[in-house]
Amino acid sequence: MRPSTTILTGQRNTTVGVLALATTLTTITAIAAGGQILDPVVENLVLESPTGATVEGVLDWTAGALTVTGEGFVDDSITHPVQRRLLGFRAAKVDAYRKLLEVVGVVQVDSRTTVSMAMVASDSTRTHVVGLVRDARVVPGSQREEDGYYRLDLTLGLRGDLSAAVLPDSIVEDPELPEDLPTRDSVVVFVSPKPYTGLVVDARGSSLRPSLSPRIVDDTGRVIYAASHVSRDYAVQTGVVAYDRNLQLAAVSERVGGAASHPFLVEATGVSGLYNSDVVVTRDMGTRIRMADMEDDFLAECRVVFVVGPKPPTPSHRPDPVFSVTASGDSGQAAPAVAGDFLDSLLQVRSLGDTISGAATPEAQE
């Protein structure tokens, strides 16, 4: 079976079945703080079976749910309306279970593995996933009769039991910082006025593909963040990362602290992995992420959000970030602190208000 996937960017998909389901999911999306409607990260899955049949599904990475539509048809010889309805929706449910089992196989676990690969590698994993599909629930209110067909939507959560079945069982201990830091890394000193509550990585404009277990790596291949670095309970129940399409909303999401959030903002330089699901940052930024995590340990609790989607257009004039001067007891000198909501501008200045580079130290000037 050959999968074909597309990340929705707000435009309508030409596939009728997927369009109807995606529209339904978008309509029921919750309204975020401030009255703004969330723009979920949704992926259309279209699979072609060896027989030529097409199987479709909608993968909502923001809500953490995979949904398919089942179709049932009742022979014209059955005329009783109640009996036709019961038989029609029963057939639609059986069809939805079959489709869900096929579609869940192409969900990416990490940069090199899909759920179907995990099922092939382990009989227990296959048994577990099959059982989860059989327990998938019908989306309330999705039962409908259209053009003589009975249709309903079946949904399966990505977090919880499915993640428990496919994520690694053991946690690999990893040092907070490598011992072989080059000089330019070792002199980076953070003097943030308050601890960071999470990490927001801007990967807009890249070819990043969401997965259940993505990583952050630097441009030398050093792993900065991965499922093996965190509590498995957090990874299973909340997901290794969250996905969003709006940088402003991601920065104040509950995952990174809500209204009182103080996230560390990072811009991705690229993606890596067979399925492009890992985010790449510079080596210097990788070190800064590790050091920012030292005070509040937000990585261990999976307080990480990846922002995806098209790169926002560069305005003809971007307002400069507004700085106020605050004294830092750690650095012994004044450091600029951003006062404002210009998040894209903050990404450009690379959190310089919280960092003293090596060039500013006496050792670096010698």
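The values are calculated or read from the model by the stated rules, or taken from the named source; none is laboratory data. This structure is a prediction, so every number in the text was calculated from the model and none was measured. Glycine gets a Cβ as well: all are built from the backbone with ideal geometry, and neighbour counts include every protein chain shown.
Determine which member of the set V240, V201 is assigned to a loop (DSSP other than H, G, I, E, B), assigned by TED's automatic domain parsing to the domain that holds I289 and closer than 21 Å to M294 by Cα. Answer to the check: V240. The residues in region 268-312 that are surrounded by fewer than 19 Cβ atoms within 10 Å (Cβ to Cβ), in a strand (DSSP E or B) and among the acidic types (D, E) can be counted, and the count is 0.
When residues in region 213-243 are screened for being in contact with a strand residue (DSSP E or B) (Cβ under 7 Å, 6 or more places away or on another chain) and aliphatic (A, V, I, L, M), 6 of them pass. Scanning region 97-132 for residues that are buried (at least 17 other Cβ atoms within 10 Å of the Cβ), among the charged types (D, E, K, R) and within 28 Å of R144 (Cβ to Cβ) yields K99, E102. Where residues in region 81-96 are surrounded by 17 or more Cβ atoms within 10 Å (Cβ to Cβ) and under 34 Å from the mean Cα position of the chain (by Cα), which of them is farthest from V130 (Cα to Cα)? The extreme case among them is F89. Checking each residue of region 55-78 against the condition of being surrounded by fewer than 21 Cβ atoms within 10 Å (Cβ to Cβ), closer than 17 Å to L212 by Cβ and touching a Lys or Arg at 6+ places or on another chain (Cβ under 6 Å) gives at least one match.
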